[in-house]
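These notes are about the structure you will find just below.
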Amino acid sequence: MQNEQIISTEKEKSFVQSYRHREWNDVPDEKWNDWKWQLSNRLNSFEEISEIINLTPTEANALNQNSLFRVDITPYFLSLVDKDDFNCPIRRQVLPTEKEMYDFSGMNEDSLSEDEYSPVNGIVHRYPDRVLMLVTTQCASYCRYCTRSRLVGDSSKNYNSTDFDNQIEYISNNPQIRDVLLSGGDPLLLPIKRLESILMRLREIPHVEIIRLGTRTPVFNPNIITQEFCDMVEKYHPFWLNIHVNHPKEITPELQQACDKLSKAGIPLGNQTVLLKGINDTVEIQRKLCTELVKMRVRPYYLYQCDLVKGAGHFRTPISKGIEIMEGLRGHISGYAIPTFVIDAPYGGGKIPLAPNYVLSQSPNKVVLRNYEGFITVYTDSDQEPDQEITSGNRKGKDISIMDLIQGNEKFIMPQNFRNSKRED
Ligand SMILES: *Cc1c(COP(=O)(O)O)cnc(C)c1O
């Protein structure tokens, strides 16, 4: 892949430069805008980072611990960090603190029990019609809350061509798999020829209908989205891509350009966000993030509750916070800008959607609903078939509402035949 990124106008150029910390002012634009230069100049040690950022003692101590999850930050992404603000939302995603060493209840290394759902190395087959195909353990920068920190960053656990052969063979042999989701690590860090060979082999499998890819590299190193990459991927449609933006500050002119190129190659774009305490856990930030994403033609897909993964306990928000945020989105901003809030349940429970409750009460043919403003309304259902009718033992066939229970007119509501089938009277 060569760097074909050309910053087209003087205005964009000055915008790009304004992001650079002073220390990088003498780096020529050709280098700064070259994704390879960004990768080979990543920062990971206390010595390197402290030249750019005013580190606090807890950050300094964490960087000097060699037992922690790997650190690596592209100069581009570090340039988005406020060098004096410990609470900067960009900074907290990539710079460790001592809190990563704290244990917490419910903590797990493999918090989604993915290893139990892995028939061959790198395949996670949790749902009937789709699989996760992990193709690398490497990322452009390392998120401190990484769900797969048990593997990610560790080059000794990387996948090799035998693993790819086994993964492809597993997918070929399981015709129920119609959707393959490339992940890792970050698949965009594979050499373009390697990635293309995987896409080509997947496309040779007749039952594979769609191919998806999850990546955060456009956020950490946006110029990796070259025309060469887009032209390559276009040959393997339908191909969908999810990026991973957590905060509106990550939406830079560079990321916008990258997304524009991908959209022009006919790739539908989605976004996955992890809800992180102190980083993006307010209605205001999420509204801004989601509406800005839609402006660059990226559809918010999932908002994830933070996993119970080792090292990430301090990022957890109460589940009620996520529900409150969803309450603050629906009705207030375009439906296109609203993700689904999900918790990927511990012990391999899979993704479970969570939402505010809009159904207040149900009776056999009435449903009491509220809207986002608190307006309460009633919808009259069509008449139900007798065998679906809910009735009570003492007022068979009559409508009983939750209100009857509250007012004490009735003791319970039960499905017809409930006693007959389940108990002796
Ligand atoms: C998230 C995930 C998928 C994809 O799920 P969708 O809801 O279809 O996006 C597939 N497999 C695994 C193991 C996953 O964690």
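One equal scatterer on each Cα of segment 123-353, no solvent, Debye formula: the resulting log10 I(q)/I(0) at q = 0.07, 0.17 Å⁻¹ is -0.22, -1.38.
Only Cα pairs under 8 Å and at least 6 apart count here; give the relative contact order of segment 22-100 as a rounded whole percent.
Numbers: 71 pairs, mean separation 25.4, N = 79.
Rounded, it is 32 percent for segment 22-100.
Under 10 Å, Cα contacts only: if you run a Gaussian network model on the chain, which one of Q138, Q407, Q305 comes out with the highest mean-square fluctuation? Most flexible of the set in this elastic network: Q407. Just checking the listed ones, N223, N174, N158: in the Gaussian network model of the chain with Cα springs under 10 Å, the one fluctuating most is N174. The DSSP beta bridges internal to segment 123-353 are antiparallel in roughly 20% of cases.
How much length would be gained if the chain were fully extended between K83 and E324, taking 0.36 nm per residue of separation minus their Cα-Cα distance, in nm to one decimal? Walk me through the numbers on the way to the answer.
Values: separation 241, 0.36 × 241 = 86.76 nm, distance 3.14 nm.
Value of the extension gain: 83.6 nm.
Put a dot 7 Å past the Cα of S382, heading toward its Cβ, do the same for R20, and the two dots end up 6.6 nm apart. Across the chain, the relative contact order, built from alpha-carbon pairs under 8 Å that are at least six residues apart, equals 13 percent. Counted by Cβ distance under 11 Å from P248, the other residues give a net charge of +1, where Lys and Arg count +1 and Asp and Glu count -1. For the chain, the Cα-based Rg and Dmax, in that order, read 25.2, 87 Å.
Net charge of the neighbourhood of C259, taken over other residues with C-beta under 12 Å away and scored Lys/Arg +1, Asp/Glu -1, is +1. Were the residues from N66 through T282 laid out at 0.36 nm apart, the gain over their Cα-Cα distance would be 74.4 nm. Using a Gaussian network model of the chain in which every pair of alpha carbons under 10 angstrom is joined by a spring, one finds that among P248, P339, P175 the greatest mean-square fluctuation is at P175. Cα centroid separation, segment 345-375 to segment 207-227: 34 Å.
Charged neighbours of D26, selected by a Cβ distance under 14 Å, balance to -1 (K, R count +1; D, E count -1).
Helical content alone sets the calculated 222 nm signal of the chain at -8000 deg cm²/dmol, taking -39,500 (n - 2.57) per DSSP H segment of four or more residues and averaging over every residue.
Computed from Cα positions, the angle between helix 161-173 and the longest principal axis of the chain comes to roughly 30 degrees.
In terms of other Cβ atoms within 10 Å, R92, R42 run from fewest to most in the order R42, R92.
Express as a percent, rounded to the nearest 5, the fraction of DSSP beta bridges in the chain (both residues included) that run antiparallel. Provide the component values of the computation, followed by the final result.
Working: 18 of 44 bridges.
Rounded to the nearest five, the antiparallel share is 40 percent.
Rule-based calculations on the coordinates, nothing more; no lab input. From a predicted model like this one, the values you see are computed outputs, not experimental measurements. Cβ coordinates were reconstructed from backbone atoms using ideal geometry, including for glycine residues, and neighbour counts include every protein chain displayed.
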